[in-house]
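I have placed the structure first, in the form of structure tokens, so that the comments after it can refer back to it.
The values are calculated or read from the model by the stated rules, or taken from the named source; none is laboratory data. All values reported here derive from a predicted model rather than from experimental measurement. So basically every Cβ, Gly included, is an ideal-geometry build from the backbone, and we count neighbours across all protein chains shown. Ligands, DNA and RNA are excluded from the accessible area calculation, which covers all protein heavy atoms including side chains. Shrake-Rupley method; radii C 1.70, N 1.55, O 1.52, S 1.80 Å.
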Amino acid sequence: MPSVVHANGRHALQVDGKPFTVLAVQLHNSSAWPAVLPEVWDDVLALHPNTLEAPVYWEQFEPSPGKYDTTNLDALIAGARSHGLRLVVLWFGSWKNGQMHYVPEWMKSDPVHYPRALDEHGTPQEDMSPYAESNLHADETAFAALMDHLRKVDGDRHTVIMVQVENEPGSIGAIRDHSPAAEQAFAAPVPDALTRALRRPPGGNWMATFGADADEQFNAYGISRYIDQVATAGKARYPLPMYVNTWLRYKGKHMPGYDYPSGGATWNVLDTWKASAPHIDFIGTDLYSTDYNEFTKVVGQYTRADNPPWISETGFEAGNAPYLFHVLAQGGVGFSIFGIDHPADTPEVKAAIEAHARNFALVGPIQGLVADAAFRGTLKAAVEQRGQAKSDVALGGGWTAHVSYGAPSWGDAPPELPGNPAADGHVLFIPLGKDEYLLVGFHARVEFERDRSDKRMGQVLRVEEGTYEGGAWKARRWWNGDETDYGINLGQKPVYLKVRLGDY
Ligand code: DGJ
């Protein structure tokens with residue numbers, strides 16, 4: 001059974017009893033239909049993923065109250081199996097991008113029984129009220145039916161390894177719900193469980209406790225409690241790992257309800273989410289940036305003792321591909337590229353396919369080793385930042401790697417290194433044993449320095465190029481001479497290098 005395991009403030013998704021690196025792609029929103037699926041597989045496989053993320057639409061799954069249609073879900077599972085992929089099911093339920101567009105028509109057209117969130121003027125929003133029992137009950141019931149079906153058809157195969165509960169929850173259009181039930185809750189004391197978890201004084205109402213942040217905190221609490229109950233109902237039927245994805249508060253945007261959905265699991269209310277949604281295994285980030293500083297900043301915000309980094313979505317662009325290595329080296333669960341089917345025939349899209357496919361094809365065969373090291377906290381990475389042609393990586397185990405970008409593929413480097421034209425160098429160091437690393441990556445020169453306190457020099461003892469066949473290392477050749485005397489140079493071609501180091 002897929003599960004999430006924790007040790008020393010780190011986390012791993014386990015599949016078939018072992019840590020698993022999710023190398024995923026996600027379909028466009030309206031592509032997970034049986035009539036459309038045959039068109040997507042070539043596009044999916046071109047990226048070399050090990051996992052597909054695809055939505056199940058509440059409006060399709062429950063066309064009339066209590067009647068479930070599993071046709072779409074069954075087609076997804078069959079398609080994933082026949083293409084050798086794992087599946088992450090995305091439950092497009094009460095929330096999709098801070099709105100309610102995927103709730104069934106019979107609910108949309110009956111706001112009396114299924115109340116909308118209201119803004120401060122009492123105007124109904126395109127959002128379900130998180131404070132209406134009927135809304136929660138409807139979502140819980142449908143989601144439980146979905147999980148029940150998964151258990152029946154996939155409980156012994158585990159094609160589906162994880163479920164995303166809702167999609168980018170939160171409210172667009174208002175900072176919080178002002179429905180009568182919400183108003184009553186807003187005037188009442190903040191629940192003790194939350195004030196305790198946030199180390200705030202007990203007994204105050206939302207304004208007294210949170211001041212200017214009260215509206216957003218209140219919405220975060222209401223939505224996280226709602227989603228936690230949906231997840232609980234689903235796990236009672238079939239306890240797969242579950243996560244929530246986040247429309248982020250980043251890139252200088254800071255207006256909840258306008259710049260981003262208010263009450264989603266943004267960094268400023270993450271503690272509230274963690275305290276209020278204990279059945280959500282982790283919080284994912286929909287991180288659409290190719291900017292080194294922005295990307296690594298967000299990864300840092302979500303790498304916590306109670307949360308692993310998980311890039312639930314990233315843009316279909318070449319520029320973000322190197323950051324996969326950064327995410328994994330922070331103990332990350334994985335990475336998913338959004339909207340890869342029916343690609344436009346442009347040079348930019350071709351470059352995106354190439355960059356991500358190259359990474360996934362490289363990491364795929366060693367994903368178990370990578371996930372294991374990420375979970376232990378021993379996986380290290382270097383990712384090029386534009387304008388910085390050198391970086392040092394402390395590998396642990398008495399070695400530092402000097403990584404540089406823009407040097408020739410052999411021979412002395414110029415005194416001033418230019419960096420790579422696309423700033424796309426990236427390297428992963430996977431420890432294999434004492435003084436031994438598996439080195440993979442692209443567009444970088446790597447030199448090892450012994451950094452133990454006895455100050456003795458170190459040396460490269462052997463560099464083997466090879467592959468893992470059925471889990472066993474098979475060397476193809478040894479690198480030496482020009483291939484190692486000027487550092488170990490990783491180029492455009494994927495290679496697996498086993499590097500053994502030693503004392504001088
Ligand atoms: C984030 C959402 O989660 C996806 O479903 C999709 O709408 C993308 N945004 C589009 O950029």
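Shown in residue order for segment 375-386 are the 3J(HN,Hα) couplings computed by the Karplus curve 6.51 cos²θ - 1.76 cosθ + 1.60 at θ = phi - 60°: 5, 6, x, 9, 7, 10, 9, 10, 10, 5, 10, 3 Hz (x for Gly and Pro).
Taking a Cβ cut-off of under 12 Å around residue 108, the surrounding Lys, Arg, Asp and Glu residues balance to a net charge of -4, with basic ones at +1 and acidic ones at -1.
Under 5 Å from the amide H of residue 332 lies no amide H of any residue 5 or more positions distant or on a separate chain, with H modelled from the backbone and absent for Pro and chain starts.
A Förster radius of 30 Å combined with the Cβ-Cβ distance from residue 134 to residue 197 puts the calculated FRET efficiency at roughly 0.60. Using C-alpha pairs below 8 Å separated by at least 6 residues, the relative contact order for segment 330-397 is 36 percent.
Taking 0.36 nm per residue of separation and subtracting the current Cα-Cα distance, fully stretching the chain between residue 378 and residue 500 would add 42.3 nm.
Defining a contact as two alpha carbons under 8 Å apart and six or more residues distant in sequence, what relative contact order in percent does the chain show?
Answer for the chain is 14 percent.
Rounded to the nearest 500, the helix-only mean residue ellipticity at 222 nm of the chain stands at -8500 deg cm²/dmol, with each DSSP H run of n ≥ 4 adding -39,500 (n - 2.57).
Name the chymotrypsin sites (Phe, Trp or Tyr not before Pro) in segment 231-275 that are in a loop by DSSP and that have at most 15 other C-beta atoms within 10 Å, would you?
258
Distance cut-off 21 Å, Cα to Cα: go down the list 96/297; 434/474; 253/274; 67/152; 474/498; 253/297 and report the pairs above it. In this structure, 96/297; 253/274 lie more than 21 Å apart at Cα.
Take the Cα of residue 39, step 7 Å toward its Cβ, do the same at residue 412, and the gap between the two points is 5.8 nm.
The overall shape of segment 348-446, judged from the alpha-carbon gyration tensor, is oblate: a/c is not under 1.5, and a/b is no greater than b/c. Computed from the C-beta positions of residue 113 and residue 8 and an R0 of 41 Å, the FRET efficiency is 0.30 to the nearest 0.05. Computed from backbone phi, the HN-Hα couplings of segment 357-362 come to 4, 4, 5, 5, 5, 6 Hz, rounded to whole numbers (Karplus: 6.51 cos²θ - 1.76 cosθ + 1.60, θ = phi - 60°; Gly and Pro given as x). What is the Cα centroid distance between segment 207-286 and segment 461-504, reported in whole angstrom? Each part's Cα centre sits 45 Å from the other's. Using the 1.4 Å probe convention, the accessible area of segment 87-169 works out to 36 Å² per residue with neighbouring protein chains retained. Computed over protein heavy atoms with a 1.4 Å probe, the carbon and sulfur contribution to the accessible area of segment 157-213 reaches 55%.
The alpha carbon centroids of segment 349-399 and segment 123-174 are separated by 34 Å. For residue 86, nonlocal amide neighbours, meaning residues 5 or more places apart or on other chains whose placed amide H falls under 5 Å from its own, are 51, 52. log₁₀ I(q)/I(0) of segment 3-377 at q = 0.07, 0.13 Å⁻¹, via Debye over equal Cα point scatterers, no solvent, to two decimals? The computed values of log10 I(q)/I(0) come out as -0.29, -1.04.
Would segment 252-373 count as rounded, prolate or oblate if I go by the C-alpha gyration tensor, calling it rounded below 1.5 in a/c and otherwise prolate when a/b exceeds b/c, oblate otherwise?
Details: a/c = 2.20, a/b = 1.33, b/c = 1.65.
The shape class here is oblate.
Average accessible surface for segment 381-503: 51 Å² per residue, computed with a 1.4 Å probe over protein heavy atoms with every protein chain in place.
Taking amide H as placed 1.01 Å from N in the peptide plane, residue 425 has its amide H under 5 Å from the amide H of 384, 420, each at least 5 places away in sequence or on another chain. Using a/c under 1.5 as the rounded threshold, could you call segment 381-503 rounded, prolate or oblate? The axes a ≥ b ≥ c are square roots of the C-alpha gyration tensor eigenvalues, and prolate needs a/b larger than b/c, oblate otherwise. It is oblate, given that a/c is not under 1.5 and a/b is not larger than b/c.
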